[in-house]
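Below: the structure, in structure tokens.
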Amino acid sequence: MIGRSSGDEVARPGSRALDAFEQIYRANVEAVMAYFARRCAEPQTVADLTSETFVRAAGGFGGFDLRRGSARAWLFGIAAHVYARHCELTAHGRDAVTRLAGRRALDTDEIDELAGRIDAERAGRELVERCSQLPELERAAFELVDLAGLTPKEAATALGVSRVVLRKRLSRARTRLRKGASQR
């Protein structure tokens, strides 16, 4: 049963699956949106990637198993895949028409709200840019734990590595970032 406000405990999919998913959504939508706001400067892209993450999560909710990790870690795993796919499509410049065709134009209020969120995440975006110099697993560990607020256990689950590996990579990332900040 869902008993915590974090959205981590989930009832088995069934008659209450919609309510369970709604609670997970409400508990995590801000964190997922912040994840994308640290990576993207365009409000429409932040909104689209956040929406795509939850559409994919809704589609895969029947297969979600709390024994494999928390709902938050599961969502960040999906968000990471959504962002990687977005980067791949952007880098290759293909499917532009498809991406634009499914977009709902944002209202002025929505654009203003997302622009505010993007501005609020500017320091995080700068840190993410510095993190781009780190090896991929170190960067991902740092982002999920220190920027997105996942526990090391949740981040390890989202990345598909053991907690020991995650903690080692997280420690290395923090050390490298501290050294890089002191050299500036």
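Given labels modelled 7 Å from the Cα in the Cβ direction, how far is it in nm from THR175 to ALA41?
Rounded to a tenth, the inter-label distance reads 3.4 nm.
For HIS81, tell me the accessible area in Å² from a 1.4 Å probe, rounded to the nearest 10.
Its heavy atoms expose roughly 120 Å² to the probe.
Just reorder ARG125, ARG163 by solvent-accessible area, largest first, 1.4 Å probe, all chains present.
I get ARG163, ARG125, largest accessible area first.
Express in Å², to the nearest 10, the accessible area of CYS87 obtained by rolling a 1.4 Å probe over the protein heavy atoms while all chains stay in place.
Looks like 50 Å² after rounding.
Using a 1.4 angstrom probe on the protein heavy atoms only, could you order ILE111, ILE118, ILE78 from most to least accessible area?
Per-residue accessible area, sorted high to low, gives ILE111, ILE78, ILE118.
Which order do SER171, SER70 take by accessible area at a 1.4 Å probe, largest first?
Ranking SER171, SER70 by accessible area, largest first, yields SER171, SER70.
Please give, to one decimal in nm, the separation of the simple spin-label points placed at ARG16 and LEU106, each 7 Å out from Cα toward the Cβ.
3.6 nm
The values are calculated or read from the model by the stated rules, or taken from the named source; none is laboratory data. The model shown is predicted, which means the values in this text are computed figures rather than measured ones. Positions of Cβ are generated from backbone atoms using ideal geometry, with glycine treated the same way; all protein chains shown enter the neighbour counts. Surface accessibility is based on the protein's heavy atoms, side chains included, excluding ligands, DNA and RNA. Shrake-Rupley method; radii C 1.70, N 1.55, O 1.52, S 1.80 Å.
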